[in-house]
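Okay, structure first, notes after.
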Amino acid sequence: MPAKAFFDTNILLYAYDRDAGQKREIARHLVASALSDPGSYAISVQVLQEFFVNFTRAGHADREAARLIDDFRHWTIIANTYDLFCRGLQVRARWQLSLWDSMVVAAAQAAGAEVLYTEDLNHGQSFGAVQVCNPFFETGE
C-alpha cells in the first residue's frame, strides 16, 4: 500500500528539539499523527541514519535515539539499495538536486508517497507524483 506521506530528517529532528519553538509543535503534531496511523507514512534508512547522527550530535544519548527509531520502525521504511541509488541519480540529473536530497525524493517516490514533508526543498514543488510540503511555510520561520 502506498504511503500518504514521507518524512525528511529535519521534520523528525524538530519534533524532539526543545528549542525549536513553533516548528517543534508543528513537527510533533505531524509525527504523532503518523505514529497513530503508521501504515500511511514512510521514511528511509537514510533518514534514520541522519536522524541518529544529528540527534546524538545535539547531545542526546544513543539509547534515546534508538528508542525513537524503534518507534519509527512502524512506518514503511525504504531500504538503501542499488536500485534506489540509481533512481536517486536520475532524480539528481533531472531536477539538479544534491545527492542527499535526490535520495530522499527517490525514496518518497519508491514509497508511493503523495507528500514529502521537508523544509529543504521548495514548498509546493512536484517531483513526479510527489509534492513537497514545508509544514513551516506559513509560519515564516
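Tallying residues that are surrounded by 15 or more Cβ atoms within 10 Å (Cβ to Cβ) and either assigned to a helix (DSSP H, G or I) or without any contact (Cβ under 8 Å) to a residue 40 or more places away in the chain (or both) within region 12-40 yields 15. None of 39, 88 is modelled with pLDDT under 95 and closer than 24 Å to residue 129 by Cα except 39. When each of 79, 113 is tested for being touching a strand residue (DSSP E or B) at 6+ places or on another chain (Cβ under 6 Å) and among the small types (Gly, Ala, Ser), the lone residue that passes is 113.
Conditions tested, residue by residue: (1) over 14 Å from residue 9 (Cβ atoms); (2) among the β-branched types (Val, Ile, Thr); (3) touching a residue at least 60 places away in the same chain (Cβ under 8 Å).
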{"position": "95", "(1), (2), (3)": "yes, no, no"}
{"position": "101", "(1), (2), (3)": "no, no, no"}
{"position": "114", "(1), (2), (3)": "yes, no, yes"}
{"position": "130", "(1), (2), (3)": "yes, yes, yes"}
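For residue 119, the requirement of being in contact (Cβ under 8 Å) with a residue 60 or more places away in the chain and of a type outside the set (Ser, Thr, Tyr) is met. Of the residues making up region 52-70, one or more are at pLDDT 95 or above, among the small types (Gly, Ala, Ser), exposed (fewer than 15 other Cβ atoms within 10 Å of the Cβ) and within 26 Å of residue 137 (Cα to Cα).
The values are calculated or read from the model by the stated rules, or taken from the named source; none is laboratory data. Predicted, not measured: the structure shown is a model, and the values here were computed from it. Please note: Cβ atoms are built from the backbone with ideal geometry, for glycine as well, and neighbour counts cover all protein chains shown.
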